[in-house]
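The values are calculated or read from the model by the stated rules, or taken from the named source; none is laboratory data. Computed from a predicted structure; not experimentally measured. Here the Cβ positions follow ideal geometry from the backbone for every residue, glycine too, while neighbour counts run over all protein chains shown.
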Amino acid sequence: MKIKLAKTSGFCMGVRKAVEQALDAVHTRPGPIWSYGPLIHNPQALDLLAGKGLRVMGEIPDESEARAMKKGTVIIRAHGVPPGEKERLVNLGLEVIDATCPRVKGVQARIRKHTGMGASAIIWGNPDHPEVVGLMGHARGRGYVVTKPEDVAALPDLDKVILVAQTTQNQQKFVEISDAVRARWPEAEVFDTICGATQKRQDEVRRLSKLVDAMVVVGGHASGNTERLANVARNEGVKTVHIETEDELDPAWVADSQTVGVTAGASTPNWMIKRVIRKLDRLARRRDHSFRGVSRRILRALILSNTYVAFGSGALCLAMAIVRGYDPQPAFFGVSFFYIHAMHMLNLFLDKESSEFNDPDRVMFLEKHKAVLLSSGLFSALVSLFLAFTLSIKVFALLAVMSTLGLLYAIPLVPKNLPRQMKIRRLKDIPASKTMSVSCGWAVLLSLIPVLSPGGRLGWDSVMAAAAVFLFVFIRSALGDVMEIQGDRIVGRETIPILIGEKKTYLLLRIATALVVLVLILGFLLKVFSGLALMLIACAAYAAFYQYLFRRDQVLSSVFFEALIDANFILAGVLACLWNLASGG
Ligand code: SF4
């Protein structure tokens, strides 16, 4: 069974911003923090936010209630509110974070402008939906809600008319409504305010429905836009199910399907989509006994057990030794392989909180094979120290220091009973520390192993090799941070994309890729690197390629994308071995 995920599934821009603002508020502001109404139509995401301390304010308190309440912060959700309600919240002395989606704000502004000039606003949508309630407020008594074309005939006589739509409505039906409005008011100004995000999702579901036997639509049962996506798929004639969680997916329902499409509403968090994909993937794996299926299972186990990335580190270590003219010793490969395996393994067990959301597949794998994996991590740590010792006492000392630092990364160093405001309790709590420490760790280790081994020398070649490794690993790790941004936000971790935003992170990744090329060329021109450096430019090109793939497809299923990324290190090792063979090494 193949699984095809719609590229546009999950949080739209407006919902993502609102959730981010809510998470930032619960992590950084003193409580209490409320959302005015449920922040999004997804019970699992709401439960999670409630667990983080976000309360839901059902109604605006009156003045006596407000006096009894402690001061706090209220978040206006992406749907927006009538202007009077925002004013009342501010007047009660509450801090107000307006997380109204910019697109909804645009519709509100349009209504205000035209009703201010004497027009009446016909709003097509669900009269009980908070967005429509908010839009009606902005019409200042000149708004009329219609739910179907027949409602237009029942409207009173109006002079000037505009028509807008609730942003998540269906495009085809909007044409019918606008025809009905124009038939009655030929001069009516019609504004198609259906959000591009909604339209894109519906168009993609139509396209995807033609390629699959069954469609799984993930999202809250109360989410209108999710239900509409399911209806679009049903109207295309494909077998469709709308589920809220992976537990609602009946294995028998997909048993006969060869290709299953997955999409999700604009209020469905990535971690829930990942859980559904993981379940489908598990069902698919059970059925697939072909050579390809078995190979995929082996590759998956290698990736989830961190053996694959450890192999990549060994390969990169060899490449960085060969490019500087060292004899490639098997122990160079062994020390980096076992060290990286040990550190990745042990840190995963020490730091599972964000993986629950970012990588549920890995967490399940870790839980299932806990004893074996933990023992393999400890075994790898010992073997790496032993191999380091066989190289030299200096390599052993380097590894001992780095192993201590690696283990300290996720362990609390500040006691729990110190003030809550003390946010940095572990090294991993330092903003952007994950990407920077991983990149620095690899850079120091991979560049210094040959230097501290017998016959090694410290020079500019070591500095340039460290720079190249740092940049390669930085690209890998920062891209992983973008992939894991939702889970990291949930646990309050400040990674690079959370600190500077996704766009700037992509820019940083492009700069890092260009710098790798520069370092390799400069190393060659300064004669500290051999001609292999020019061949390694292929690895920078490969890094640019997978960044492009990621941005194009917004990959959610991280396991095989991780394989694609880490293949870059293996590519470097293969190129280096070929170079070594060709140059008679
Ligand atoms: S669907 Fe569009 S308008 Fe509605 S919140 Fe999302 S981005 Fe904003």
(request) Report the residue count in region 222-248 for those that are over 16 Å from Lys200 (Cβ atoms) and either within 16 Å of the ligand (Cβ to nearest atom) or in a helix (DSSP H, G or I) (or both). (result) 11
(message) Suppose we filter region 171-196 for residues that are touching a Lys or Arg at 6+ places or on another chain (Cβ under 8 Å) and aliphatic (A, V, I, L, M); how many remain?
(response) 3
(message) Checking the conditions here, which among Ala183, Ala188 is closer than 29 Å to Pro130 by Cβ and either surrounded by fewer than 18 Cβ atoms within 10 Å (Cβ to Cβ) or more than 23 Å from the chain's Cα centre (by Cα) (or both)?
(response) Ala188
(request) Take Val175 and decide whether it is among the aliphatic types (A, V, I, L, M) and buried (at least 20 other Cβ atoms within 10 Å of the Cβ). (result) no
(request) Take Phe333 and decide whether it is surrounded by fewer than 24 Cβ atoms within 10 Å (Cβ to Cβ) and at pLDDT 90 or above. (result) yes
(message) Which count do you get for residues in region 2-40 that are on the phi > 0 side of the Ramachandran plot and over 16 Å from the mean Cα position of the chain (by Cα)?
(response) 1
(request) Could you tell me which of the residues Asp98, Asp128 is acidic (Asp, Glu) and closer than 24 Å to Asp151 by Cβ? (result) Asp128
(request) Evaluate region 262-275: report whether one residue or more is more than 16 Å from the ligand (Cβ to nearest atom), of a type in the set (Lys, Arg) and without any contact (Cβ under 8 Å) to a residue 40 or more places away in the chain. (result) no
(message) Of everything in region 470-491, what is part of a helix (DSSP H, G or I) and β-branched (Val, Ile, Thr)? Give them in sequence order.
(response) Val473, Ile475, Val482, Ile485, Ile490
(message) So, restricting to strands (runs of 3 or more DSSP E) that lie completely within region 85-158, which ones have at least 2 residues that are surrounded by 20 or more Cβ atoms within 10 Å (Cβ to Cβ)?
(response) 120-124, 143-146
(request) Six or more apart or on different chains, Cβ under 6 Å: which pairs go from a residue in region 175-197 that's outside any helix (DSSP H, G or I) to one that's away from the ligand (no atom under 16 Å from the Cβ) and small (Gly, Ala, Ser)? Could you list them? (result) Val190/Ser178
(request) Taking Val19 as meeting all but one of (1) part of a strand (DSSP E or B); (2) within 13 Å of the ligand (Cβ to nearest atom), write down the number of the exception. (result) (1)
(message) I'm trying to understand the selection: among the residues of region 20-46, which are under 16 Å from Leu89 (Cβ atoms) and hydrophobic (A, V, I, L, M, F, W, C)?
(response) Ala22, Ala25, Ile33, Trp34, Leu39
(request) Would you point out the residue of region 500-542, among those that are crowded, with 19+ Cβ neighbours inside 10 Å and under 19 Å from the mean Cα position of the chain (by Cα), that is farthest from Ala467 (Cα to Cα)? (result) Thr505
(message) Considering only residues that are modelled with pLDDT of 90 or more and more than 24 Å from the chain's Cα centre (by Cα), which ones fall in region 231-258?
(response) Asn231, Val232, Ala233, Arg234, Asn235, Glu236, Gly237, Val238, Lys239, Thr240, Val241
(request) Scan region 566-585 for residues that are among the hydrophobic types (A, V, I, L, M, F, W, C) and at pLDDT 90 or above and jot them down. (result) Ala567, Phe569, Ile570, Leu571, Ala572, Val574, Leu575, Ala576, Cys577, Leu578, Trp579
(request) Using the structure shown, decide if Lys71 is in a loop (DSSP other than H, G, I, E, B) and either at pLDDT 85 or above or farther than 25 Å from Met483 by Cβ (or both). (result) yes
(message) Take the conditions without any contact (Cβ under 8 Å) to a residue 60 or more places away in the chain, of a type in the set (Gly, Ala, Ser), crowded, with 21+ Cβ neighbours inside 10 Å and under 21 Å from Met535 (Cβ atoms) and apply them to Ala466. Does it pass?
(response) yes
(message) Of everything in region 198-221, what is away from the ligand (no atom under 13 Å from the Cβ) and assigned to a helix (DSSP H, G or I)? Give them in sequence order.
(response) Asp203, Glu204, Val205, Arg206, Arg207, Leu208, Ser209
